[in-house]
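Structure, as structure tokens:
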Amino acid sequence: MLKYLPLLWANLGRKRIRTALTLASVVIAFLLYGLLQTMNAALTGGAELAGVDRLMTIHKISLIQPLPSSYLNRIRSVEGVKLATSQDWFGGIYQDDRNQVASFAVEPELFFEMYPEYSLPEDRKAAWIADRQGIIVGQSVAQRFGWKVGDRISLRSNIYSNKDGTTAWDFNICGIYAATNGDSNSVYFHYKYFNEARTFGEDNIGYAVVRIDDPDRAAEIAAKIDALFANSSAETKTSTEKAFIQGFANQLGNIGALIAWVASAVFFTMLLVTANTMGQSIRERINEIGVMKTLGFSNPTVTALVLGEAMLITALGGFLGLMLASLLAGALANVVQQFFPTLGMPAHAWTSGAVLIVMLGGLAAILPCAQAFRLKIVDALRKA
């Protein structure tokens, strides 16, 4: 078939404007598909970074409802629990309201044991634990603001005010951590400093993070934890970290179904355009097809040439569209990395895109191929 490639290319160049418009429709269809897959990965990809041996315990009513800090010791007593610690969402803002920073109050002594995917030199860990106003920042956020170890920074909270009468909180950067899971856009500081300085919610925690000894027993251990606080004033709901993160994405609806419907509509339109182009091309070349058959081209060969023409334009448009989507996703990643640390077109989009190219190219060529296959030499030459 490769020896016929110049012929296929020449056929596409006959009506350049029509070919260009058809190619553009294919490019746009696959560009949108790539971007949709990128957004799907960004919204749900955080769940893939979750630890398989971690559970999240929140208030049964809502995540924004606090839990008593005394719950931690009771959770630690549950059989199968290796470690339990707390986290509080701070709602950090650096200098300008546009500079939002994912900020958490944590227990530094337990943090790296809970999150082994985060790494920091031992001397920096010790410095952070020793400094009550110490904070560690991710590599990405440090690069974003030009922070370095030893800097003193001030973060404002859109939730908590300080007992000094302001919303500003001062911190000393004790270390810049790296994360093997790619999430280095957060900052972490002392819960004790936060708890003593805030004006409300003292001795409460936002939620508990629990590490267990056997991921296969996650449902059983979660049920035991929730049973501890049944019928209390602050009942709990415990789930795996993956389910916890996935819950945020589900608040937007069924992302997968939404993408499937949009992609189907886009590709159906592209299919109609491509099939129409191929049909017109074959009708304009009926006499040429008759001559080719007269010269000895078999019906299967002529049909394969028509199919190859449809596949060529679909493959060109599909590859260009996916390439543009990948480049655009990379450019956007630098802009919104604080909100979507995993933004980027996933590898499976290329695989599924290749399958779609073959399927759509084949479907677009069905009627033109059938027309070329059934065409008789006498009829073709008569029409000439």
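The values are calculated or read from the model by the stated rules, or taken from the named source; none is laboratory data. All figures in this text were calculated on a predicted structure; none of them were measured in a lab. So basically every Cβ, Gly included, is an ideal-geometry build from the backbone, and we count neighbours across all protein chains shown. Areas reflect the complete protein model, heavy atoms only, side chains present, ligands, DNA and RNA absent. Shrake-Rupley method; radii C 1.70, N 1.55, O 1.52, S 1.80 Å.
In table form, for the structure just shown:
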item	result
Residue 21 vs. criteria at pLDDT below 90 and within 23 Å of residue 308 (Cβ to Cβ)	yes
Criterion (in contact (Cβ under 8 Å) with a residue 60 or more places away in the chain, farther than 15 Å from residue 374 by Cβ and open to solvent by 30 Å² or more (accessible area, probe 1.4 Å)) met by exactly one of 294, 314	294
Number of the exception - residue 74 against (1) open to solvent by 20 Å² or more (accessible area, probe 1.4 Å); (2) at pLDDT 90 or above; (3) not assigned by TED's automatic domain parsing to the domain that holds residue 109	(3)
Cβ pairs under 8 Å, 6+ apart, first in region 336-354 and at pLDDT below 80, second in a helix (DSSP H, G or I) and open to solvent by 60 Å² or more (accessible area, probe 1.4 Å)	337/144; 338/144; 342/48; 343/332
Subset of region 139-168 [modelled with pLDDT of 95 or more, open to solvent by less than 40 Å² (accessible area, probe 1.4 Å) and more than 15 Å from residue 99 (Cα to Cα)]	151
Odd one out for residue 56, checked against (1) open to solvent by less than 20 Å² (accessible area, probe 1.4 Å); (2) assigned by TED's automatic domain parsing to the domain that holds residue 187	(2)
Residues satisfying the stated conditions in region 194-243, i.e. more than 32 Å from the chain's Cα centre (by Cα), open to solvent by 60 Å² or more (accessible area, probe 1.4 Å) and without any contact (Cβ under 8 Å) to a residue 60 or more places away in the chain	196, 199, 200, 202, 227, 231, 233
Residue selected from region 126-153 under the condition over 31 Å from the mean Cα position of the chain (by Cα) and touching a residue at least 24 places away in the same chain (Cβ under 8 Å), by the criterion nearest to residue 178 (Cα to Cα)	128
Qualifying residue in region 54-75 (condition: under 30 Å from residue 228 (Cα atoms), of a type in the set (Phe, Trp, Tyr) and outside any strand (DSSP E or B))	yes
Selection status of residue 136, open to solvent by 20 Å² or more (accessible area, probe 1.4 Å) and within 14 Å of residue 189 (Cβ to Cβ)	no
Complete set of residues in region 267-309 that are farther than 19 Å from residue 364 by Cα and not in a helix (DSSP H, G or I)	295, 296, 297, 298
